[in-house]
1. In the list A736, A817, A772, which residue meets the criterion of being out of contact with any strand residue (DSSP E or B) (no Cβ under 7 Å at 6 or more places or on another chain), outside the structural domain of L874 (by TED's automatic domain parsing) and modelled with pLDDT under 90?
2. Could you list all residues from region 1101-1140 that are acidic (D, E) and either modelled with pLDDT of 50 or more or surrounded by 14 or more Cβ atoms within 10 Å (Cβ to Cβ) (or both)?
3. Considering each of L607, L631, L623 in turn, give the residue that is part of a helix (DSSP H, G or I) and buried (at least 21 other Cβ atoms within 10 Å of the Cβ).
4. Identify, please: which residue in region 777-797 is free of Cβ contacts under 8 Å to residues at least 60 places away in the same chain and among the hydrophobic types (A, V, I, L, M, F, W, C) and is, among those, surrounded by the most Cβ atoms within 10 Å (Cβ to Cβ)?
5. Quick one: G769 ticks every box in (1) over 30 Å from the mean Cα position of the chain (by Cα); (2) outside any loop (DSSP other than H, G, I, E, B); (3) of a type in the set (G, A, S) bar one, so which box is it?
6. Looking only at region 114-129, count every residue that is under 56 Å from the mean Cα position of the chain (by Cα) and assigned to a helix (DSSP H, G or I) and tell me the total.
7. Taking region 645-656 on its own, how many of its residues are hydrophobic (A, V, I, L, M, F, W, C), at pLDDT 90 or above and either surrounded by fewer than 23 Cβ atoms within 10 Å (Cβ to Cβ) or on the phi > 0 side of the Ramachandran plot (or both)?
Amino acid sequence: MAAGPRFDELALKYVLADGDEKDLISEQAAQAIEESTNKRVTVGQWAASVHRWLQSSGEDDLISRAKALDFLASTLQILSRRDDTFNADQVKLLVTFFCSLFENDHKAGVTASTKALRHLIVTKHFQPTLGGEIIQSVCKLGDDFKLQAPTTRLEIYHLFRGLLEIFTEAYDLEYWQSNTNGFILDLIDLCRNERDPENLMMWFAILNAILQDFNPSVDITSEIFKTFSAYFPISLRSSATPSSVTTDNLKVALRSCFSAHHRIASLAIPFLIDKLDKVDQTVAVKVDILLTLDACLVKYDHPKQSVVPHADQIWGSLKYEVRNGEIQDIIKATLKVLCSLTKRLDGENLQSFLDNAWRDLKEDIADSKYTAQAGRLLVAIVGATPESFALLMPRALEHIKKTIKHNTSIIHKRHLIALMSSVVKLRLHLASDSDFNKHQSDDGILLSDDLFGDSLFHDLYSPFWEEHSVSSSPIEYIGVLREAMQGLGGLVGQVSSGKEPVKRLCSDSTCETIIGLLAKPVIICPLKGPKYFDSVEERVPQDLFDAGEEALRNAVPLYPPSFRYLLLQFLSSIKDTYGFQTQPHDLSLQIRNVSATLCTIIHSGMLEPDACWVNEAALINTLLQGLQWMLSERADPKFLIVFIDAIHATLKRALKQGSIWDTSPKLTKEQFHNLARIFETDDVPQVDLDRPGKIEALEVEETGSKRPRRAYCLFVVQQLYRRFTTVSNPVIFSGASFDELTAVALSGDLDGTSPDLMAKQDILLNQLGQLAASVFREFSEEEQRALDLDSEAFTLFHTQKHELPWSLSPANDFRTAPLSLGIIQGLWPGALRPEVHLAALNDLIAVLITIPMPCSEAARAAMDALLCVLSNKLDVKNNSVLIEQRIKTQQPLIMKIQALMGPHQVTGNTDLKLRIFRSVLHYLAGDVARPLTGSDQNLLLNLIIENGAMDIMTGRQLAQNLGLLVMSRECLSDINHPIRKKLALGWFYQRNVVPYLHRCFPSPGVDEREAVNRAVGIFSILRHLDYHIYASEVARVVRIGIRSFDTFKVGVETESLLAVLLHILEKDPSELRGHLAALILGLVTIYGMARNVADAARFDPNADGQTYRSKASRISARDRDPIATRMYTLEFFQKLTESGYENHLLLPHRRGLRRPLATACGDSVREIRRTALKARQAWEGLD
């Protein structure tokens, strides 16, 4: 080693070094040994390099000596990665050296020696016989072992674990049958007092390995058991030193010792039973005991020797945990143990165990006090294996049936029928369990098929139901029937067991009878109206309805024909009830509720994809048939609306399922026409052609496409549109005739001139339009283009027979507008062709700025929304031609606004002018969502913002409506694919709000009228913006708000103001801290004014809720009865106490608030009273 480093120098450097430098020194030493030509001498020099520290015996040298020994250990760590560094003699010499340190140097040498030995035992030439010498040497630590640091003891445990693995690989079990495993006792004596969590994990693993792999003698096994059982039940004490080991980790590790090998069964099971029987155990301890016992029963081999001898003892103890137990966690764990126990028994042992258990269960089932508990025990046992079910179920079933028939106690009957239902559901589960059925014998049917078919229904369930479901039954029978329903729902799905082809055990007639019983409280009674029980106020008690719905959700997947039966009952019940001259309840509401229930049954998550689609189509077909029947009866539009809503809800759920399950290709027009022909061939209902069709249409796979949901939904929308519209020529509206114009008009189903009737029809048209939007927005842009949906929005699917213009139909005063909106709303911008888009937009603008107004209020609302959508979705994409055309569309609007607001403004009805302003704001709202940045492209917006507030006649009304520019609206929601820029609202605020904040105060050039109008408009906008947008200007906003207390009118103006102040209070209360006195005084004044306005309003019973005896009859409803203003005021008072203000800031104002809050507690609106009470309590609670 002349050219290499001297080991004594390296050792000294190592002792003096810190951190990463030590690793480099160890690498040098390892490299020197590797490169040496005479390794025997080199290794000797390396080992001798620490001699100077070993000679030192003073207490002060302990640290240095430990570091020196660690130099050897770290070098060995590097060398252990190369298997062939040391030969056998060198390994033995090193092992002997490090072993000697356990006896001679307990304080400094243990950690390093342990690390060194861990590296040596994994070298190639380590001999397993040296393992015994290592264990003996380590065990010489004796009582000093527990004095070692936990990390040192952990190193020793890792050493022991490594040696056990070497022993396992080197020797077989026969080797350990002699006295060669005496080292185990030495280990137990050394480690029995371990308490550190991480060390215990290793110690339990070592004991587990010894039990499994070393065939210890009976005496040693007993010592091992005593060692780990002393820790049971184990818990983790709180410690200042955090540990990664949890209590659950320790429980699982200790549990693995109990279940390690069947040789300790005679010790472990009695021990655990004894622990369980002690009365002072906590819930957590009992659950731990039961989980440990379950692990033993599951993992022990040779159950005849390990489990069978203890079966009766386990049953005798555990049955009381269920029989007398109340804690569900304990009961569940107990039932799991009994199930595991039953699984380990067979033959005569199983028969004996079941006989013993049945003697107890039979008595308890007959005793109402213990019936429920005995039922849980019975289900746990018979559900364990096919053999246990076959041996015990026949006698148990017979006993249950007899007990039910001869019992008069309602509570006992309820428990018994619940047990029967549990057994039915258990067999249903077992018959469908493929793993369970693997155990079926060749010649036997183990699930008692003959007991779970028609006979069970006719012998038990049918008479039981007849006895307890008569209308004069007491209310207590509700619980009994609820339990029976669960069993009936499972009975229809019972199938045969064994290896024969599967068949249904109940006949079709029985299944239909059962479905009829379940349908009565869920479908028939709600629709027909009679009470289910005379003794209850509800027509169908909610508990009974919920139970029936759950039973049907379970039964429909089990018996597919049942859903068709439910649909037929649904239709027939509607027709029967509608025929009554005086309907005893709101039939339309019940149709809505029951159709929702049917939709829920389909989408319960239990049906396979194909079955779900078939039932969806059947429900839609049924609703279409119901709609046709109502149309043929000339029914009130409220019934038509209910069916449209039900179809809408079902289509939405169907499309949602389709997005998850279906993988249909892109839909083209040709594909759709092919599918439509197949739909017609399958005889689906066609409302537009008055063909009732068949409910079960589309059940056969003739569509050529797997689950064609979207195509069928489009087909339904088409026929609904065609049913409620027709093509008219000539068109007549507003008293004018256009002889050459062919357009779409409302069909004869929607004729009539009564305002009330027309209002209901308009609701129907709006609902139908929203149905269409829900369908069409699910199509991709490519599909929408392929289907020409942009033009269909104006022809309303009448293009096949007529040439129609790309504009709204003026027929019926534009009442078809909601239908066009429904289609356009769901389209992608790219699906709108510019030629269609611009033509429709220009035509719509021309209609909306016409005076007098050529359309109804309902139609105008839809047209405004349509204008907003068309304005938004005109995708110019930097196309200069389209940009120019877009700007041109604004010109009529600009000219009209200038005419209405100019010095020579057009005189006329103010309401008509305001409607035009609102239409313009809707147009701009679509633009605001995707602003064009050039000033010349926003002339209309500039005109409205700059000049609107200064208009003498309509400036204030216009300001009240400016919120329309930025308010969220469904037609521009993300699901409808609008063009939206993330910073659009921020851009709008900076450009159209901030520059005018200073004009909210009178000043030279700003009169009082303009200042007030500006403030009204700004708060109308701010209430719809996120706080972060205007946070930088919030101080100015607050000052404007305080001034506005004296200038705003009670109603929509104060509502906007208070909404903004509430938002500020929620987001940043500190901004209001300096204005509390002015805010509270102003809000008290506003509340008083709002209360006076509400008290002054007098309802006119002759006006059908539409007018008030007031000179201001044209004032909006929010101004006539400012409910929101009162509510917001009280919410503000309440939240002031919750916003983190110190009490000394609030207490001076409490006296002034007591009277207003007390008065508010008597408000006519319940929600206001509730809020007022909360606010009053909060203020009185201030200290």
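1. On inspection, the qualifying residue turns out to be A736.
2. The answer is D1119, D1121, E1131, E1138.
3. Going through L607, L631, L623 in turn, the sole match is L623.
4. A793
5. If we test G769 against (1) over 30 Å from the mean Cα position of the chain (by Cα); (2) outside any loop (DSSP other than H, G, I, E, B); (3) of a type in the set (G, A, S), just (1) comes out false.
6. The qualifying residues number 7.
7. The total comes to 1.
Here is a yes/no grid of residues against (1) in contact (Cβ under 8 Å) with a residue 24 or more places away in the chain; (2) aliphatic (A, V, I, L, M); (3) crowded, with 22+ Cβ neighbours inside 10 Å:
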{"residue": "L361", "(1), (2), (3)": "yes, yes, yes"}
{"residue": "K369", "(1), (2), (3)": "no, no, no"}
{"residue": "L377", "(1), (2), (3)": "yes, yes, yes"}
{"residue": "E387", "(1), (2), (3)": "yes, no, no"}
{"residue": "A390", "(1), (2), (3)": "yes, yes, no"}
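The values are calculated or read from the model by the stated rules, or taken from the named source; none is laboratory data. Please read all numbers here as calculations on a predicted model, not as lab measurements. Cβ: placed from backbone, ideal geometry, glycine included. Neighbour counts: every protein chain shown.
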